[in-house]
Amino acid sequence: MKTETKSLTVEKMDEKGHGLAKIATLSAVDHDGDTYLPGAFAWKQGGQWVPILPAHDRKAMPFGKARVYEDGDAAYAELHLNLDTEAGREWHSALKFDLAKGAAVQEWSYGFGVLDQARETRNGEPLRVLKRLDVHEVSTVVRGAGVGTGTLAMKSRGSFSDQIDAVIAEIDDIVERAGGVKALREAQGRDMSKARLDQLADLRRRFDEVFMLDPFPPATEKAREEAERLAADFLTLSARRNVGL
């Protein structure tokens, strides 16, 4: 099961380390073209209990836990920080400060796997209807994905190789989804929107810049060769998928 991430908003945090975060408005369509059926988060009796982690780092010690549940047309995460741990106390202090002083800047997201979904078109736009989600964890992050996106700008406590692998996986998903949207719109006699094409063009430009940093010092020549090998592997995998190999 592929893990995805989406942003959430923490609305309050009390002295005992209890907080509340809004995950989603079920009937809304988010920026990633996703909407939810009632029960998508609430299919487990009593809600889904998950760990609270720093930056989606599954190797890190959780500093709390959260109960994910639905109430009306919204899904929430009920946060419980472990104030018996140093990390829990530090995060509690930081989060209370963030919520009390001006506009909150600390961002959060949650990781999940899709257990059941459907595709449909509304008002001429393709949608993914999420019917059942398995929430894995809730995380504090440096920069969240923005509503409905699946990419984090920073991941802590991971090797550079792990980060490259994660980015390749995300790009692979983008290529697959972009191809699906393009095929659907072509079947309907419509083109992909200019805004979406501009986003994909910018992604291509940024990807190209990584491999156009010349001249490379001798000490980094090996790193350049490895980067080029990874890029070739990624492009080969995408090409095979596109032709059904």
**OP:** Taking amide H positions as placed in the peptide plane 1.01 Å from N, state which residues far from Gly64 in sequence (5 or more) or on other chains have amide H under 5 Å from it.
**Re:** Ile52, Asn82
Subject >> For region 65-72, 3J(HN,Hα) per residue [Karplus equation, 6.51 cos²θ - 1.76 cosθ + 1.60, θ = phi - 60°, Hz, x = Gly/Pro] >> reply: 9, 9, 9, 8, 8, 10, 9, x
**OP:** May I ask you to evaluate 6.51 cos²θ - 1.76 cosθ + 1.60, the Karplus curve with θ = phi - 60°, for each residue of region 107-117 and list the ³J(HN,Hα) values in order in whole Hz, giving x for glycine and proline?
**Re:** 10, 10, 8, 10, x, 8, x, 8, 8, 8, 8
Original post:
Which FRET efficiency value, to the nearest 0.05, is calculated for Glu11 and Ser93 with the Förster distance at 22 angstrom and r the Cβ-Cβ distance?
Top reply: 0.75
Subject >> Largest-first ellipsoid semi-axes for region 1-73, taking √(5λ) over the Cα gyration tensor eigenvalues, angstrom >> reply: 22, 16, 13
**OP:** Give, as ranges by residue number, the residues of region 1-27 whose backbone N falls under 17 Å from the point 7 Å along Cα→Cβ of Asp73.
**Re:** 22-27
Original post:
Quick one: what do you get for region 37-106 if you divide its Cα Rg by 2.2 N^0.38 Å?
Top reply: 1.27
Original post:
How high is the relative contact order of region 1-77, in percent, counting Cα pairs under 8 Å that sit 6 or more residues apart?
Top reply: 28 percent
**OP:** Would you work out the charge dipole size for region 1-105 about its Cα centre, treating the Cβ of every Lys and Arg as +1 and the Cβ of every Asp and Glu as -1, and quote it to the nearest 20 debye?
**Re:** 260 debye
Original post:
Where in region 109-123 does the amide nitrogen come within less than 15 Å of the point 7 Å from the Cα of Thr3, taken along Cα to Cβ?
Top reply: 109-114
**OP:** Quickly work out the Gln45-to-Thr85 label distance, labels modelled 7 Å from Cα along the C-beta direction, and quote it in nm with one decimal.
**Re:** 2.9 nm
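Every read-out reported here was derived from the displayed coordinates using simple, explicitly stated rules and does not represent laboratory data. A quick note: this is a predicted structure, and the numbers were derived from the prediction, not measured. Every residue, glycine among them, receives a Cβ derived from its backbone with ideal geometry; neighbour counts consider all protein chains shown.
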